[in-house]
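Here, each number is a calculation from the coordinates, and none is a lab measurement. All values reported here derive from a predicted model rather than from experimental measurement. Virtual Cβ from ideal backbone geometry, glycine too; neighbours counted across all protein chains shown.
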Number of protein chains: 2
Amino acid sequence: MNPALKSAAVLIVLNAAAACTPAASAARDPLPSWNDTAPKKAILSFVDRVTRPGSPDFVPVPARIATFDNDGTLWVEKPLPAELFFALDRVKALAPQHPEWTATEPFASVLRGDLPGVERSGKKGMLEIVAATHAGMTSAEFNGTVHEWVASARNPATERLFTQMVYQPMLELLAYLRANGFKTFIVSGGGVEFMRAFSERVYGVPPEQVIGSEGKLEFQLRDGKPVLVKLAAVQLIDDKGGKPVGIQNHIGRRPIAAFGNSDGDLEMLQWSAASEGASFQLLVHHDDAKRAFAYDRDDKLARLDVAWDVAVLRHWTVVSMKNDWATIFPAARFPAAR
Amino acid sequence: MNPALKSAAVLIVLNAAAACTPAASAARDPLPSWNDTAPKKAILSFVDRVTRPGSPDFVPVPARIATFDNDGTLWVEKPLPAELFFALDRVKALAPQHPEWTATEPFASVLRGDLPGVERSGKKGMLEIVAATHAGMTSAEFNGTVHEWVASARNPATERLFTQMVYQPMLELLAYLRANGFKTFIVSGGGVEFMRAFSERVYGVPPEQVIGSEGKLEFQLRDGKPVLVKLAAVQLIDDKGGKPVGIQNHIGRRPIAAFGNSDGDLEMLQWSAASEGASFQLLVHHDDAKRAFAYDRDDKLARLDVAWDVAVLRHWTVVSMKNDWATIFPAARFPAAR
């Protein structure tokens, strides 16, 4: 069991126990990796207000829906989101069957190992890469490939497993909300079938609570055996206005708490903020170049610009990773050697 | 509280208690509305095999996914599915704004009150009616309209509320599976936003566990307020091969138990039957003209033909409503006056 998992597991057990014994809960800090600054106070206050019987803001358990973006909110998305590295590895593996890729962007940049070139192709290029490398496989084949990749793939900037580069404060927050009757969902621009390969193990979020971008699937019988084949067409881009759409299609209730880190999350936070009762919105601001990465308004893939302005205007919570998080990753060292 | 709800609530309470005291559970019949015939025995045996620790077919709780069709499986779909009656009422309400409808099928039949004419337009006609009457509303407006309609709308054949025309044996089955650690989902060709207006109250299935046909939604800001607008385009037809697709998109796990009543459910049952471990498939056969309705191979909207043959061949369970169900509806009388 890796340290992230161990911490999460311990937290889950502690929180489950705490749920049965409120007195013990008060004595223990449910968010030890958060400094005692405004964001932590805002989270604790919100959870108290919506869960305390008799509170004017009380929300019944079934309506306690919390949605989390993934890349940059629950785990690192630099130098590129993990799914892109997965797709790049798939491009390399499939290149012999696609000689035309050496002269076609964004594939040519991938094959040259030119990451800035890949990044310059923007979200459109990323989608082309994902479509070209995911299509034609069955869901089961794809799932197997992702499982295998996730078990050993490492972030090139830190040489740590991608699944170790999750934010410890957010693991604590997920567990804390669940211990208080919340159902936690991931709502991410990432591919839904990619995230489901590790969401339960890493975040404690079961596959049916993961919402993401979806390619079209087709049911087929192959030798009498039913399969679902991934087509090269998009069913849903779960980003920006697509996030409330994905939430409505999948959950059918409005989240009373929403967590993101970029302009791609703005509409999800707006949708949550328009709840009839009390609600909570939070943005993670990547300002910690020393312990992690620093980026915001000018970032090509994960710009935090308009959403930041709206957050300030609407008094949403903005987390400074540098100032508000005591610990960033499950293991104390960063960057760590193998 | 209507009788269906009351029975369901009592069952849920009883089952919750039973889950804590296995000895009491053994003494009480969890499926009292089922006769002691083969289907009931098959259900009890399957649940025992997948839940008993040490059983070679044991399935861990998170993988205990059960999917249920709605129309004809959980509630009555004759003389037409309830959602069609809802849509017909909407056609009549919207007709003054659509003078062309008096000369366009299937709308002309609706306005003439010619139900067989509506039925002759088939699934294509039904979809046109649904698209024309649902599009342009926000999700919130639509939800309000459905709630209001469901509270008072009655099946013209029986004059009972549609929500009272649910199958008591299936309510018991839903509660029994949940008491045994199953997560129960609805997977229906019906509109997802229509079903969610009553699924929790009537079936105990929360909105996030309802999968259905989906129209496209668009996120918009209206006077600064975020809304989701229903467009006249289809996102998913959750019928036939669309059912495994909807299951994969929403749940990401294969159901180990699947329940349906028509050829539209065949692919869902095939998908479930191809599980690696033990699994269970059941079809409800409508052969009880006296207490309900009788129809099968020749029915236009809910044909049970190929799926029936496959069920016999694969030894899936086929329920004869006439022989296998002691009670059909929550109240003993049928048809009942107001």
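Observations on the model:
- Here the residues B:ILE328, A:ILE251, ranked from fewest to most Cβ neighbours within 10 Å of their Cβ, fall in the order B:ILE328, A:ILE251.
- For the protein assembly as shown, the mean residue ellipticity at 222 nm estimated from helices alone is -12000 deg cm²/dmol, where every DSSP H run of n ≥ 4 contributes -39500 (n - 2.57) and the total is divided by all residues, rounded to the nearest 500.
- The amide H of A:TRP34, built 1.01 Å from its N in the peptide plane, has A:ALA326 as neighbours under 5 Å, considering only residues 5 or more places off or on other chains.
- Residues B:LEU127, B:LEU44, arranged from fewest to most other Cβ atoms within 10 angstrom of their Cβ, appear as B:LEU44, B:LEU127.
- Region B:202-251 versus region A:200-279: alpha-carbon centroid distance in Å: 11 Å
- Position A:LEU115, label points 7 Å along Cα→Cβ, spacing to each other copy in nm (shortest first, one decimal): 6.6
- Proximal lysines to B:LYS225, defined as alpha-carbon separation beneath 18 angstrom and excluding residues fewer than eight positions away on the same chain: A:LYS240, A:LYS243
- Under the criterion of Cα pairs below 8 Å and six or more residues apart, the relative contact order for chain A equals 23 percent.
- Partner chain coverage, peptide A:219-229 - average Cβ within 10 angstrom: 4
- Euclidean distance between Cα centres, region B:131-183 to region B:40-78, Å: 22 Å
- Surrounding net charge for A:GLU267, when Lys and Arg each add one and Asp and Glu each subtract one, Cβ distance under 15 Å: -1
- Under 5 Å, built H, 5+ apart or other chain: amide partners of A:ILE256: A:ILE65
- In this structure the amide hydrogen of A:VAL318, modeled in the peptide plane, comes within under 5 Å of the amide hydrogens of A:LEU283, none closer than 5 places in sequence on its chain.
- Label positions at A:ALA278 and A:ALA331, each projected 7 Å from the Cα along the C-beta direction, are separated by 4.0 nm.
- Residue-level result for chain A: its Cβ closest to the axis carrying A onto B, with that distance in Å, is A:HIS250, 3.
- Sorted by Cβ density within 10 Å, fewest first, the residues B:ASP287, B:ASP305: B:ASP305, B:ASP287
- Each Cα pair under 8 Å and six or more residues apart adds its separation to the average, and for region A:82-152 the resulting relative contact order is 32 percent.
- With label points defined 7 Å past Cα in the direction of Cβ, position A:ASP29 shows copy-to-copy spacings of 5.9 nm, given to one decimal and shortest first.
- Helix A:139-152 and the long axis of chain A differ in direction by around 70°, with both axes built from C-alpha atoms.
- Among B:LYS240, B:LYS216, B:LYS290, the residue with the largest mean-square fluctuation in a Gaussian network model of chain B, with springs joining Cα atoms closer than 10 Å, is B:LYS290.
- Overall shape: prolate for chain A, with the ratio a/c of the largest to smallest alpha carbon gyration tensor axis at 1.5 or above and a/b above b/c.
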